[in-house]
Structure formats: structure tokens, C-alpha cells
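The structure under discussion appears below in the form of C-alpha cells.
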Amino acid sequence: MRSIISTESWQSTVLTAWIRSVFERNGIASTPRPALPTMPACDHRPQRYAGPSRGEVLVLRQRYAHPALFTFYREPLLIVEGHRQYLFDETGRRYLDLFAGIATVACGHSHPTVVARIREQAGMLQHTSTIYLHPNLPQLAQRLAAKMPPGLEVTYFVNSGSEATDLAVTMARLFTGSPDVIALRNGYHGGSPTAMALTGLSTWKFPTQQGAGIHHAVCPDPYRSPFTGTPEAIATQSAKDIQELIRHATTGRIAAFIAEPVQGVGGVTHGAPNYLAEAYAVVREHGGLCIADEVQTGFERTGAHFWGFQNYGVLPDIVTMAKGIGNGMPLAAVTTRREIADALLGRLHFNTFGGNPLSTAAGLAVLDVIEGDQLQDNARVVGARLKSGLQGLMRRHTLIGDVRGLGLMLGVELVRDRATKEPATAETLEVLEHLREIGVLAGKGGLAGNVLRIKPPLCITADDADFAVEALDYALARTGTP
Ligand SMILES: Cc1ncc(COP(=O)(O)O)c(C=O)c1O
């Protein structure tokens with residue numbers, strides 16, 4: 001018996017050594033299955049939940065809510081409370097939130113300053129519309145102008161990113177007198193008709209009439225680019241693709257080019273640092289305005305800068321923003337130069353809720369909090385730590401094809417084969433389920449739904465980041481096994 005065991009253990013030692021050498025030759029460290037990680041401590045005690053049960057909410061939603069609303073996870077979560085970077089379900093279970101209401105809750109859930117300022121304003125005056133003066137609107141516009149490069153100084157407030165996209169494109173068309181707009185493949189700009197037309201992802205486009213005059217240039221992200229060479233060379237070829245598109249698909253003059261500095265819904269994809277400058281130069285040669293869609297990248301998410309475009313040293317003509325600006329309140333905006341804004345004076349333009357006292361109170365509080373809590377530094381430092389931890393996991397898990405992003409806007413692309421880059425769509429869903437089981441909520445994106453999107457509240461700590469990496473290690477190790 002003993003000799004059999006020792007023969008088996010000898011065989012298994014040889015086998016393990018051989019597997020390890022194969023792994024090492026392929027740059028993958030073979031280490032034992034990671035242990036169950038522990039979430040960092042938190043002293044917040046959630047309130048006792050006394051509302052309808054999860055099952056009742058699900059039934060109500062299935063019966064009365066529009067069926068197009070979708071949920072994550074095989075068993076949808078009921079979330080009833082939030083505290084900074086954590087969410088709580090109806091049982092009081094805590095989750096580390098790596099998705100922040102889709103890159104929205106920048107300051108953290110129920111941040112006391114934001115909550116106090118919303119309460120104070122709601123108790124005083126909630127809504128009148130812009131037909132009367134109220135200090136919050138111009139004060140927030142002034143604070144935004146101070147965050148912008150000189151010249152970008154007038155702001156129109158709306159309620160959603162889609163509205164901001166529509167308004168930006170309308171102003172560009174009116175200002176230039178041209179209907180043609182260039183957007184990027186793999187980009188996302190919203191769900192309203194114009195924003196949907198600008199979106200470059202078939203999964204988000206309905207078979208309704210797509211806007212005329214909209215053309216999609218090649219996405220500059222090197223991971224799945226049709227071009228080859230260094231990321232910088234791919235960026236240059238991608239910028240030239242805009243030129244080709246303008247020369248062949250338009251009159252040669254265009255209204256605008258719209259791009260996210262880092263594509264969010266598309267799976268945290270972005271070009272090399274030279275891309276936006278080269279793209280903007282081409283666009284301007286053809287009379288177009290450059291629109292930076294900062295709906296996800298604005299408000300310090302990318303860490304090194306307040307706005308995403310600042311990572312590339314470019315100066316847009318129009319900036320759209322939403323999500324982080326309100327920390328969850330319905331607030332969005334378009335900031336531009338005065339002469340471009342003046343293009344909208346030919347007719348009446350009105351938005352009932354845009355810039356109302358309540359949402360702008362939230363916007364003012366958000367600016368105070370992200371400055372006071374030094375969230376940009378945190379996004380840069382903790383984001384870099386998280387990214388390097390995720391990159392480290394590539395050595396252990398062949399399922400990870402790419403890790404990318406800036407600050408606290410990170411993407412982990414999962415592929416079945418690093419050579420063919422076949423999207424690991426089902427595996428991504430499984431990883432999300434395993435993460436949820438251990439208390440971590442992440443997002444997903446990309447055309448094939450195979451990119452884990454990590455965009456936590458900007459107040460996430462270094463310990464949370466380490467836990468997130470350990471949790472993903474654990475989840476990946478369980479993926480594909482019974
Ligand atoms: C980059 C970008 N632009 C625009 C939008 C549209 O914003 P909303 O959903 O507020 O209409 C989104 C939404 O995810 C976005 O990510």
C-alpha cells in the first residue's frame with residue numbers, strides 16, 4: 001500500500017513539475033488554488049430592512065416594469081442601502097461595489113455631505129425650471145468652467161448623458177452648417193435616437209432608423225484593431241481612417257467628431273496617447289468640432305486628471321458630462337465656447353428639469369467632496385495598485401487576455417485563447433457570479449460581453465483594491481470547474 005502511494009506521489013510530483021514547466025514556458029505561474037479572501041472591515045451597520053421581500057420585488061418588477069429592464073446575476077440582487085464603497089442587500093449582507101451605479105457614484109454611496117446638501121435644498125425649493133433665477137445653476141456652471149481649459153466656459157444642464165450627446169451634436173451641426181458626424185466603432189453615447197445612432201455597438205442599436213450623416217471610424221484600441229504595429233502606429237493609422245471616412249462618406253466638411261477618451265460600455269478601450277491629438281487634427285482640417293464625451297471619464301475617474309481628454313493633451317470644443325457629476329442625481333451637462341453655444345439661439349430650446357435647484361445642489365456638493373476628500377489622488381494611487389494587481393493575475397490565469405484602463409476605470413478582457421482572442425462570454429458571466437458569491441460586484445461590457453468593468457466609487461481604499469484582486473483570483477480559479 002505504502003509503495004503504491006509513494007509511486008503515485010512520485011508520479012504526481014513528476015506530473016506537477018512537468019505542468020509547472022509548461023506553464024512557466026508560457027509565462028503562467030502554476031500556484032495552488034487561492035484561499036477564500038476576506039473583505040476589509042467596515043464599521044457601518046446597515047438599518048433593518050422592513051420593505052417587501054426580494055421575491056415580491058422581483059414579481060412586482062416582472063409584472064409592472066418594462067421588460068427591457070435587465071438585471072445582473074442568475075438570482076437578481078435586492079440592494080437597499082449604501083455606504084461609501086459598499087452596498088448592502090435586504091439581509092444586511094455587505095458587498096464591495098466595483099461598478100458604482102455604472103461609474104456614477106464618484107464620491108461614494110450616501111456621502112454625508114452630498115446627502116445633507118440635497119436634503120437642505122429639497123426642504124427649501126425643489127423645482128421651478130429655468131424661467132426664474134436661482135443661484136445654484138450659474139454657480140455650478142462657474143465651478144465647471146474653472147475645471148475646464150480656458151474658453152470652455154458656458155454650460156447647458158440636462159438630465160442624462162443621452163440628452164447631453166444630442167445637444168452637443170445639435171450645436172455642432174448648427175454651428176458648422178454640416179450634418180455629418182464621425183463617431184467611433186465600439187463607442188457608446190446613449191439610447192436616445194441620435195445617441196443610439198452615434199453608438200458603435202450593434203448590441204445597443206435597435207432596428208429603427210439610424211441617424212443620417214453619422215459615420216463610424218475604426219476604434220484605436222490596439223487589442224482588437226484591424227491595423228498592426230505598435231499602439232502608437234495603430235493610433236496613427238486609426239486617425240488616418242477618419243480622414244478616409246471624411247473623404248469618401250461625406251462632402252469633405254463635417255460637423256463634429258465625438259469620442260470617449262476611454263470607451264466605457266465598449267469594454268474600457270482606448271488608443272495610445274497620440275491618438276486623440278492626431279484625430280482632432282484631421283477633424284479640424286475638415287471643419288469639424290471635437291466633442292469629448294466625458295460621461296464616464298470625467299470627474300477624476302481617470303486619476304491623473306479631472307477630465308479624460310487631459311490624459312491626451314487635447315483641447316475639445318464641446319464637453320459632455322453626466323454620471324459622476326451628480327453622484328446619482330439626474331444631472332448632466334454640455335460645456336462649450338460661447339460662439340458655439342450661440343448657435344442654439346435661432347430657436348427656443350428648453351429642458352424642464354435641466355439644472356434644477358436640487359440636482360445642481362448635488363453637483364455643487366460633488367465638486368466640494370471630490371476636492372475635499374482628494375478623490376483624484378485616490379483614483380490615481382489606488383487605481384494604479386489595482387491595475388498592477390490585475391496585471392499580475394494574467395500570469396496565473398490564461399483566461400485574461402488584456403488588462404487596460406486609466407485610474408479607477410479598468411477593464412479585464414477574458415478570452416478563451418490568447419492567440420485567437422475568442423471572447424470568453426459565458427466565462428465572464430460565471431466570473432461575475434463567483435465574485436458576487438464572495439461579496440464583490442463588478443460590471444461587464446464589450447461587444448461580446450467579455451470584459452469585466454471595474455469602476456468603483458473613487459473612495460475605494462488600497463485594502464479594498466487588494467481584496468478585489470484576491471477575489472478575482474479566487475473567482476477565476478473556480479471558473480470552468482464544477
Ligand atoms: C460615454 C457615455 N455617454 C453617454 C451615455 C448615456 O448616458 P445616460 O445613460 O445618462 O443617458 C453613457 C451611458 O452609459 C455613456 O457611458
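Derivation of every value follows stated rules applied to the coordinates shown; laboratory data play no part. Values in this document were obtained by computation on a predicted structure and should not be read as measured data. Don't worry about glycine lacking a Cβ; one is built from the backbone with ideal geometry, like all the others, and counts go over all protein chains shown.
Please provide three numbers in whole Å: the alpha-carbon extents of region 150-269 along the principal axes, with the largest listed first.
Largest to smallest, the principal-axis extents are 41, 37, 30 Å.
Once region 81-170 is represented by equal point scatterers at the alpha-carbon sites, with solvent omitted, what log10 I(q)/I(0) does the Debye formula produce at q = 0.17, 0.24 Å⁻¹?
-1.04, -1.26
Roughly how large, in nm² to one decimal, is the mean projection of the convex hull of the alpha-carbon atoms in region 113-372?
13.8 nm²
Note down the Stokes-Einstein diffusion coefficient of the chain in µm²/s, whole number, using a Kirkwood radius over alpha carbon pairs, 4 °C, and 1.567 mPa s.
54 µm²/s
Of Lys387/Lys455; Lys421/Lys444; Lys205/Lys323; Lys147/Lys323; Lys387/Lys421, which ones are farther than 19 Å apart at the Cα?
Long pairs (Cα-Cα over 19 Å): Lys205/Lys323; Lys387/Lys421.
Which order results if Thr398, Thr420, Thr297 are arranged by neighbouring Cβ count within 10 Å, fewest first?
By the 10 Å Cβ count, ascending, the order reads Thr420, Thr398, Thr297.
Do the sum for the chain: with -39,500 (n - 2.57) for every DSSP H run of n ≥ 4, divided by all residues, what is the mean residue ellipticity at 222 nm, to the nearest 500 deg cm²/dmol?
The helix contribution divided over the chain gives -12000 deg cm²/dmol.
Return Lys455, Lys387, Lys147 ranked ascending by Cβ neighbour count within 10 Å, so the fewest neighbours appear first.
In increasing order of surrounding Cβ atoms, one gets Lys147, Lys387, Lys455.
Compute the separation of the alpha-carbon centres of region 407-482 and region 141-181 and state it in Å as a whole number.
Going from one Cα centre to the other spans 34 Å.
In Å and on Cα atoms, what radius of gyration and Dmax does region 212-340 show?
14.7, 43
Convex hull over the alpha-carbon atoms of region 391-430: what's its volume per residue in Å³?
75 Å³
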